[in-house]
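These notes concern the structure reproduced below.
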Amino acid sequence: MRIRAEQGDITTAHVDAIVNAANSSLLGGGGVDGAIHAAAGPRLLEACRELRRTVLPAGLAVGDAVATPGFDLPARWVVHTVGPNRHAGETDPSLLTSCFTRSLDVAAEVGARTVAVPAVSAGVYGWSPDDVAAIAVRAVDGWDEAHPGRLDEVRFVLFSTPVHAAFEDALATARRH
């Protein structure tokens with residue numbers, strides 16, 4: 001599986017699935033979540049409301065993931081995951097690791113072969129980009145080792161230059177080991 005990082009707008013990524021750094025309500029928010037909801041159109045919110053009404057009445061748990069159609073996005077699927085909020089005391093790296101691995105599980109379950117992933121929890125949830133990048137790269141590498149051939153590409157799509165640099169550094173470090 002190819003793993004790479006690029007700077008850009010995840011809502012324009014031409015992949016099978018994009019990962020949304022959602023909040024547990026699944027009803028939209030700021031940052032990546034707000035941008036994905038805006039670009040996908042109102043049917044995404046309707047789909048998320050239906051998930052809340054049926055299978056996720058209490059919301060999506062931190063570290064878990066669920067898929068909806070991508071609607072007006074170039075991606076066929078949106079995989080929503082809830083990252084740990086450092087400001088709320090959610091500092092366990094295994095929660096963040098789970099965001100990445102569960103997102104890949106769900107993407108593979110819906111038949112995605114290419115996935116774009118943001119820096120989950122690196123924004124308003126207070127995790128440092130360097131920590132998120134290191135955890136994300138390790139999680140994706142480990143997932144690929146455990147599920148060879150399930151995905152063709154994971155592309156970290158990062159909006160800002162500093163976050164992109166952190167992911168490039170994490171990838172370079174991983175390739176040296």
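In whole Å, what three semi-axes, largest first, describe the equivalent ellipsoid of segment 120-167 built from its Cα gyration tensor (square root of 5 times each eigenvalue)?
Values for segment 120-167, descending: 22, 11, 8 Å.
Quick one: 3J(HN,Hα) in Hz for segment 49-55, Karplus 6.51/-1.76/1.60 with θ = phi - 60°, rounded, Gly and Pro as x.
Taking θ as phi minus 60°, the curve returns 4, 5, 4, 5, 5, 10, 8 Hz for segment 49-55.
Asp16: net charge of surrounding residues, Cβ under 10 Å, Lys/Arg +1, Asp/Glu -1, itself excluded?
Net local charge, Asp16 excluded: 0.
Using only C-alpha atoms and all pairs of different ones, pull out the Kirkwood radius for the chain in Å with one decimal.
15.7 Å
Please list, in chain and number order, the residues 5+ apart from Asn23 or on another chain whose amide H is under 5 Å from its amide H, with Hs placed from the backbone.
Gly28
For the chain, give the share of DSSP beta bridges that are antiparallel, in percent and rounded to the nearest 5; count only bridges with both residues there.
20 percent
Report the Cα centroid-to-centroid distance between segment 122-177 and segment 30-72 in angstrom, as an integer.
23 Å
For n ≥ 4 DSSP H runs only, could you compute -39500 (n - 2.57) per run for the chain, divide by its residues and tell me the 222 nm figure to the nearest 500?
It comes out at -13500 deg cm²/dmol, rounded to the nearest 500.
What ranking of Arg2, Arg113 emerges when the number of other C-beta atoms within 10 Å of each C-beta is taken as an exposure proxy, fewest first?
Arg2, Arg113
Hey, fewest Cβ within 10 Å first, where do His177, His147 land in order?
Ordered from fewest to most neighbouring Cβ atoms within 10 Å, His177, His147 come out as His177, His147.
His164: net charge of surrounding residues, Cβ under 13 Å, Lys/Arg +1, Asp/Glu -1, itself excluded?
Neighbour charge sum, excluding His164 itself: -3.
Only the coordinates and a few stated rules stand behind these numbers; no lab work does. Model, not experiment: these values are computed from the prediction. Because the Cβ atoms are built from the backbone with ideal geometry, glycine has one as well, and the counts that use them run over all protein chains shown.
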